Amino acid sequence: MHEMSIAQSIVELAEEQARSRHSEAVEELELEIGRLAGVELYTLDFALESAVKGSLLEHASIVRHIIDGEGMCTGCGLTFPMETLFTPCPACGSYCVKIIKGKELRVKSIVIK
């Protein structure tokens, strides 16, 4: 379950930023998570619940922005929504697709006290 290590890394990053600014708590954490990032969203939610206990994020609001997948066919140039990493181009059937968005996994913002 790599979601737990991701959750722990997110908490460590937010705590590091809060402490560097002499803060006692994180009020809000904003995340961007792509549907193609290889992260099980429900498992990450559960892991974050565990990871924030006893941390500066224990009472923080965690806002999640889910980014839908989008790809561009390198053959015909069509841009289309992607449900999985291996979605073929709906126009020509090619699997040579450049992923434009949906693989994000980042902390967008941290609000500290």
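Given R₀ = 22 Å, FRET efficiency for Ser50-Phe86 by Cβ-Cβ distance, to 0.05?
Values: r = 31 Å, r/R0 = 1.43.
Plugging the Cβ-Cβ distance into 1/(1 + (r/R0)^6) gives 0.10.
In degrees from 0 to 90, rounded to the nearest 10, what is the angle of the helix 41-51 Cα long axis to the longest principal axis of the chain?
Orientation of helix 41-51: about 20 degrees from the principal axis.
Grab the Cα-Cα distance for Val63 and Arg21, subtract it from 0.36 nm times how many residues apart they are, and report the gain in nm with one decimal.
Details: separation 42, 0.36 × 42 = 15.12 nm, distance 2.15 nm.
Extra length from Val63 to Arg21 when fully extended: 13.0 nm.
Where both partners of a DSSP beta bridge lie in the chain, what percent of those bridges are antiparallel, to the nearest 5?
Details: 15 of 22 bridges.
Approximately 70 percent, going by the DSSP bridge assignments.
Largest first, please: the extent of the C-alpha atoms of segment 44-101 along each principal axis, to the nearest Å.
Taking max minus min along each principal axis of the Cα atoms, segment 44-101 gives 52, 15, 12 Å.
May I ask which residue of Ser5, Met82, Ile112 lies farthest towards the positive end of the charge dipole of the chain, with charges of +1 (Lys, Arg) and -1 (Asp, Glu) on Cβ and the Cα centre as origin?
Going by the Cα projections, it comes out as Met82.
Count the lysine pairs in the chain that are 8 or more places apart or on different chains: how many have C-alpha atoms under 30 angstrom apart?
Details: Lys53/Lys103; Lys53/Lys108; Lys53/Lys113; Lys98/Lys108.
For the chain, qualifying lysine pairs total 4.
What does the chain give for Rg and for Dmax, in Å, if only its C-alpha atoms count?
17.3, 55
Values in this text are rule-based calculations from the coordinates and carry no lab data. All values reported here derive from a predicted model rather than from experimental measurement. Here the Cβ is made from the backbone with ideal geometry for all residues, glycine too, and neighbour counts use every protein chain on show.
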